[in-house]
Amino acid sequence: MSWPFGGNMKILSALVLYTCMIFGANAALADMNQLAALREGDMKKLSFHSEPKPVSQSTYTMEDGSTGSLADYQGKIAVVNFWATWCAPCRKEMPMLSELQSELGGEDFDVVTIATGRNPPPAMKSFFDEIGVSNLPLHRDPNMKISREMGILGLPITVILNRDGQEIARMQGDAHWNSDSAKAIIKALIDNGASG
């Protein structure tokens, strides 16, 4: 069988692959632009990355003393909130994250909370009790290893992970995570099966 292009099947294959990659990259960019267009109010502080970023593979300590990692959330969209018991904006924001979890949490989405630095478990529990939050995890990063590896400077900081466990967006400061804008962004991520 004789192929056009001088019989060079490798060049044809490379052209097809390159074309698919361009269309894929453009589709991903269009998706990020569509998500960015959903930002209203304080959700405008949410910055979408042009490329997904790797996250820390280090472990955090769970309430029962066992360990987990952000890789445990692969396969679903995750909103990961870094906070501390001494953080006043965290106190304001946490009930809104709790509401987001109540409304959208399940097999496709979770809110993950990680207290960074020195946060004694009894103080964390009291913090959640005082603000009426009972549906979010009490994970701790006492040595701030995850925080350092992910460049968490200042609190609260919230990152969004895609289904591949990569960071696709970040917000510094508190926000109304129970707002229509926040819910629209999360629902869009869930619905389009966001991955890399």
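The table below lists the values:
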{"read-out": "Mean separation of Cα contacts under 8 Å, 6 or more apart, over the residue count of the stretch 38-191: relative contact order %", "value": "37 percent"}
{"read-out": "Hz values of 3J(HN,Hα) by residue in the stretch 61-69 - Karplus curve (6.51, -1.76, 1.60), Gly and Pro given as x", "value": "9, 8, 4, 7, x, 6, 10, x, 9"}
{"read-out": "Cα gyration tensor shape for the stretch 38-191, rounded if a/c is under 1.5, else prolate or oblate", "value": "rounded"}
{"read-out": "Cα gyration tensor, the stretch 68-151 - rounded (a/c under 1.5), prolate or oblate", "value": "oblate"}
{"read-out": "Placed amide H near Ala169: partners under 5 Å, 5+ positions off or other chain", "value": "His49, Ile160"}
{"read-out": "Relative contact order for the stretch 122-196, counting Cα pairs under 8 Å that sit 6 or more residues apart, in percent", "value": "22 percent"}
{"read-out": "Placed amide H near His139: partners under 5 Å, 5+ positions off or other chain", "value": "Thr113, Ala115"}
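Since every read-out is calculated from the coordinates, none of them should be taken as a lab result. Every value quoted in this text rests on a predicted model; they were computed, and no experiment measured them.
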